[in-house]
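Student: Shown below is the structure under consideration.
The values are calculated or read from the model by the stated rules, or taken from the named source; none is laboratory data. In this text, all values refer to a predicted model and were calculated from it rather than measured experimentally. Ideal geometry is used to build each Cβ from the backbone, glycine not excepted, and the neighbour counts take in all protein chains shown. For accessibility, only protein heavy atoms count, side chains too; no ligands or nucleic acids. Shrake-Rupley method; radii C 1.70, N 1.55, O 1.52, S 1.80 Å.
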Amino acid sequence: MSNPIKVMSIDGGGIRGIIPAMVLAEIEKRTGKRISELFHLIAGTSTGGILALGLTKAGADGKPEYTAEKGIELYEKRGERIFWRPFWRRIPLVSGLLEEKYPSHGIEEVLGQYFGEARLKDALTDVLVTSYDIERSKPYFFKSTKAKEEAVRDCPMRWAARATSAAPTYFEPAKLQIEGSSDYRALIDGGVFANNPAMCALVEARSTHPDADSFLLVSLGTGELTRRLPYDEAKGWGLAGWAQPVLSVVFDGVSDAVDYQLGKLLPATDGNRRYYRLQVKLDESNDAMDDASAGNIRVLKLLAEEMISANDSALTVLCNQLAPPN
């Protein structure tokens, strides 16, 4: 497989984004290159979208400002600020029925500090970030290629990050003003249709590189759910009871379906793998998207380390494909 178009895709999953962040850091360590230097396209949903944008943000010197290690620090040091709520929102009846679980100013503050005034059009490599427009009832994609061509498609990176991570029941939708217009977009987390954005990424890569005949796709998960939803409990749930569990079911089901499809679409060719999916199973104690406690962060990091160790050989092969040794 010579000179393939290289694509990275990162799932949504809230605080569990620290798992793919650690894999990305391992890839940078092994190749000696930044992620934006290794891939032609980086796609992400929700927490994966934040990582995708952060890894392609240019610093003052025109080089990537953040390493993947800095992405890990974002979860460790700022996770609790993102998932912070005042006391009255911790009352189950109020929090579950009347308001989103978290006020938006915490995540907006963190994204503002992380991205500053960086714009989508200035991404160091092609970026695709998913969201869903609830007023137009259709997916909306933040694409750096389109942002470079049309001013109306450009926006601050922090806006794209806020929109893709507006998970229903967790954060209120993002209202983004359309440049040069009185109109706006009302956007929520792209995970409602593409929590695993790898298929979207492959389609975008094929569209952007129509003459390419070879693609290498790396898809990073944020952990596979193993928590059972007992029938005897679920059968009695109403609208409020299903609100957050159904979101997890949708996110997890979409991710698994895309993995299956891509495994069939991108089989190995001439002994060379064209598709990598790195995923780890979660137990009931660490599958929450919003548990930013130090204890849970530690458990997620240990799971990531175990996954990296278990996939050591595959990562070695992958890194040689991404950055062939001289």
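Student: Cβ-Cβ distance below 8 Å, separation of 6 or more or different chains: which pairs start in region 252-275 with a residue that is within 13 Å of LEU216 (Cβ to Cβ) and in contact (Cβ under 8 Å) with a residue 12 or more places away in the chain and end on one that is open to solvent by 50 Å² or more (accessible area, probe 1.4 Å) and in a helix (DSSP H, G or I)?
Tutor: Partner pairs satisfying both residue conditions: ARG273/VAL317; TYR275/LEU265.
Student: Further question: Picking from VAL246, VAL258, which residue would you name as being assigned to a helix (DSSP H, G or I) and at pLDDT below 75?
Tutor: On the way: VAL258 fails: at pLDDT below 75.
Selected residue: VAL246, the only one of VAL246, VAL258 that is assigned to a helix (DSSP H, G or I) and at pLDDT below 75.
Student: Do we find a residue being under 20 Å from LYS6 (Cα atoms), of a type in the set (A, V, I, L, M, F, W, C) and assigned to a strand (DSSP E or B) anywhere in region 115-126?
Tutor: No, region 115-126 has no match at all.
Student: Right, another one. Out of the helices (runs of 4 or more DSSP H) lying entirely within region 1-77, which hold 3 or more residues that are in contact with a Gly (Cβ under 9 Å, 6 or more places away or on another chain) and on the phi < 0 side of the Ramachandran plot? I'd like the intermediate steps shown before the answer.
Tutor: On the way: elements: 18-31, 35-38, 47-55.
Helices (runs of 4 or more DSSP H) meeting the threshold: 18-31, 47-55.
Student: Moving on. Among residues belonging to region 298-317 that are in contact (Cβ under 8 Å) with a residue 12 or more places away in the chain and farther than 17 Å from THR222 by Cβ, point out the one that is least open to solvent (accessible area, probe 1.4 Å). Give the steps one after another, and end with the answer.
Tutor: Start the filter on region 298-317 by keeping residues that are in contact (Cβ under 8 Å) with a residue 12 or more places away in the chain, which leaves 299-301, 303-308, 311, 314-317.
This time we only want the ones that are farther than 17 Å from THR222 by Cβ, so: 314-317.
Values: ALA314: 26, LEU315: 4, THR316: 62, VAL317: 76 Å².
Selected residue: LEU315.
Student: Go through the residues of region 168-185 one by one and say whether even a single one is among the basic types (Lys, Arg) and closer than 20 Å to GLY54 by Cα.
Tutor: no
Student: I want to confirm something. Restricting to region 176-186 and keeping residues that are touching a residue at least 12 places away in the same chain (Cβ under 8 Å) and touching a Leu at 6+ places or on another chain (Cβ under 9 Å), which single residue is surrounded by the fewest Cβ atoms within 10 Å (Cβ to Cβ)? Can you show your working first?
Tutor: In the first step, residues of region 176-186 are kept if they are touching a residue at least 12 places away in the same chain (Cβ under 8 Å); the result is 176, 178-181, 185-186.
After this cut, where a residue has to be touching a Leu at 6+ places or on another chain (Cβ under 9 Å) as well, the list is 176, 185-186.
Values: LEU176: 20, ARG185: 20, ALA186: 18.
Across region 176-186, the extreme among qualifying residues is ALA186.
Student: In addition: All but one of (1) open to solvent by less than 70 Å² (accessible area, probe 1.4 Å); (2) touching a residue at least 40 places away in the same chain (Cβ under 8 Å) hold for ASP122; which doesn't?
Tutor: (1)
This table checks each residue for (1) of a type in the set (Gly, Ala, Ser); (2) open to solvent by less than 10 Å² (accessible area, probe 1.4 Å).
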position: LEU128; (1), (2): no, yes
position: SER131; (1), (2): yes, yes
position: ILE134; (1), (2): no, no
position: ILE188; (1), (2): no, no
position: ASN196; (1), (2): no, yes
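Student: Separate question: When you go through ILE50, ILE15, ILE82, ILE27 one by one, which is the residue that is surrounded by 22 or more Cβ atoms within 10 Å (Cβ to Cβ), among the β-branched types (Val, Ile, Thr) and closer than 18 Å to LEU315 by Cα?
Tutor: Values: ILE50 fails: closer than 18 Å to LEU315 by Cα; ILE15 fails: closer than 18 Å to LEU315 by Cα; ILE82 fails: closer than 18 Å to LEU315 by Cα.
None of the other options fit; the residue is ILE27.
Student: I've got another one for you. Scan THR226, THR222, THR269 and give me the residue that is modelled with pLDDT of 65 or more, open to solvent by 30 Å² or more (accessible area, probe 1.4 Å) and among the hydroxyl-bearing types (Ser, Thr, Tyr). So that I can check it myself, show each step before the final result.
Tutor: Numbers: THR226 fails: modelled with pLDDT of 65 or more; THR222 fails: open to solvent by 30 Å² or more (accessible area, probe 1.4 Å).
The unique qualifying residue is THR269.
Student: Can you tell me which condition ASN196 does not meet? The list is (1) of a type outside the set (Ser, Thr, Tyr); (2) over 24 Å from GLN279 (Cα atoms); (3) not in a helix (DSSP H, G or I), and all the others hold.
Tutor: (2)
Student: Any idea which residue in region 129-161 is farthest from GLU109 (Cα to Cα), counting only those that are in contact with a strand residue (DSSP E or B) (Cβ under 7 Å, 6 or more places away or on another chain) and assigned to a loop (DSSP other than H, G, I, E, B)?
Tutor: Selected residue: GLU135.
Student: Can you find even one residue in region 296-319 that is at pLDDT 85 or above and outside any helix (DSSP H, G or I)? So that I can check it myself, show each step before the final result.
Tutor: Our first condition is that a residue be at pLDDT 85 or above; within region 296-319, this holds for 296-319.
Next cut, outside any helix (DSSP H, G or I) only: 311.
Taking every residue of region 296-319 in turn, at least one turns out to be at pLDDT 85 or above and outside any helix (DSSP H, G or I).
Student: I'd like the full set of residues that are among the hydroxyl-bearing types (Ser, Thr, Tyr) and touching an Asp or Glu at 6+ places or on another chain (Cβ under 6 Å), limited to region 144-164.
Tutor: The first filter runs over region 144-164 and keeps only residues among the hydroxyl-bearing types (Ser, Thr, Tyr), leaving 144-145, 164.
Within region 144-164, SER144, THR145 meet the criteria.
Student: For region 275-295, name all the residues that are surrounded by 16 or more Cβ atoms within 10 Å (Cβ to Cβ) and farther than 24 Å from ASP256 by Cα. So that I can check it myself, show each step before the final result.
Tutor: Going through region 275-295, the residues surrounded by 16 or more Cβ atoms within 10 Å (Cβ to Cβ) turn out to be 275-280, 282, 286-292.
Of everything in region 275-295, just one residue is surrounded by 16 or more Cβ atoms within 10 Å (Cβ to Cβ) and farther than 24 Å from ASP256 by Cα, namely ALA292.
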